[in-house]
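Beneath this line is the structure, given in structure tokens, with notes to follow.
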Amino acid sequence: MIDIIKKYFPNLTAEQEEQFNALNALYHEWNAKINVISRKDIDNLYEHHVLHSLAIAKFIKFCEGTNVLDFGTGGGFPGIPLAILFPEANFKLIDGTGKKVRVAQEVATAIGLTNILPAHLRGEEEKGKFDFIVSRAVMPLPDLMKIVKKNIARDQHNVLPNGVIVLKGGNLDEELKPYKNIAEKTEISQWFDEEWFKGKYLIYVPG
């Protein structure tokens with residue numbers, strides 16, 4: 001199962017391999033109690049959720065000390081896969097649904113992830129400053145930007161300017177209109193060749 005991750009990220013450490021491997025049983029077990037991934041989709045965990053989250057890692061390598069906010073994390077995506085891949089960066093995972101945050105916390109604890117902080121919070125309540133805000137199809141981009149603008153830090157740690165990175169699918173023309181001169185839209189299928197990634201995009205908006 002982890003083969004699809006190793007196909008695109010061949011330099012994992014033994015610990016990272018173990019952590020990615022452990023996700024399968026943990027998410028199956030928690031999903032049976034608290035539905036964080038559609039029942040029909042749980043068997044596609046690695047392709048549709050873990051690898052999809054890691055598209056962000058093909059776009060940017062988070063430097064040591066980078067602070068990342070995962071907005072609307074659900075059961076821990078994209079935050080947990082990114083935290084495994086970037087152990088030197090710090091991730092705060094927030095969601096307005098407490099039981100989903102609990103799943104993210106339990107999974108992180110079970111695999112020994114120490115660089116994440118799950119919190120039961122709505123985006124409007126988050127007061128912290130972060131280098132990047134990441135999100136997977138939580139809400140239309142203009143709505144998201146309104147909420148998280150206040151959370152983008154000024155100090156730079158990375159090659160890319162601080163900002164917002166979202167994973168989305170479908171026709172995004174309307175959503176991107178307000179940002180047409182600054183947003184960067186990348187087809188995920190240029191990194192991953194599985195059919196499922198066609199029509200899926202990574203959008204980056206500098207803060």
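Residues that are modelled with pLDDT under 95 and surrounded by 14 or more Cβ atoms within 10 Å (Cβ to Cβ) within segment 146-160 comprise 157, 158, 160, listed in sequence order.
Do we have residue 5 as open to solvent by 10 Å² or more (accessible area, probe 1.4 Å), over 28 Å from residue 126 (Cα atoms) and not small (Gly, Ala, Ser) here? Before the answer, list the steps.
Details: open to solvent by 10 Å² or more (accessible area, probe 1.4 Å): no; over 28 Å from residue 126 (Cα atoms): yes; not small (Gly, Ala, Ser): yes.
No.
Residue count for segment 58-74 under the criterion of being open to solvent by 40 Å² or more (accessible area, probe 1.4 Å) and either of a type in the set (Gly, Ala, Ser) or farther than 24 Å from residue 10 by Cβ (or both): the result is 1. Scan segment 83-100 for residues that are out of contact with any Asp or Glu (no Cβ under 8 Å at 6 or more places or on another chain), assigned to a loop (DSSP other than H, G, I, E, B) and of a type in the set (A, V, I, L, M) and the total you get is 0.
Yes/no matrix, rows are residues, columns are (1) open to solvent by 10 Å² or more (accessible area, probe 1.4 Å); (2) in contact with a Cys (Cβ under 7 Å, 6 or more places away or on another chain); (3) not in a loop (DSSP other than H, G, I, E, B):
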{"residue": "76", "(1), (2), (3)": "no, no, no"}
{"residue": "81", "(1), (2), (3)": "no, no, yes"}
{"residue": "102", "(1), (2), (3)": "yes, no, yes"}
{"residue": "109", "(1), (2), (3)": "yes, no, yes"}
{"residue": "133", "(1), (2), (3)": "no, no, yes"}
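Taking segment 17-43 as the range and being under 17 Å from residue 74 (Cβ atoms) and either touching a Gly at 6+ places or on another chain (Cβ under 6 Å) or surrounded by 17 or more Cβ atoms within 10 Å (Cβ to Cβ) (or both) as the test, the residues that pass are 23, 26, 27, 30, 31, 36, 37, 42.
The values are calculated or read from the model by the stated rules, or taken from the named source; none is laboratory data. Predicted, not measured: the structure shown is a model, and the values here were computed from it. Positions of Cβ are backbone-derived with ideal geometry, glycine not excepted, and every protein chain shown enters the neighbour counts. For the accessible areas, the whole protein counts, side chains as well, though only heavy atoms, and no ligand, DNA or RNA atoms are used. Shrake-Rupley method; radii C 1.70, N 1.55, O 1.52, S 1.80 Å.
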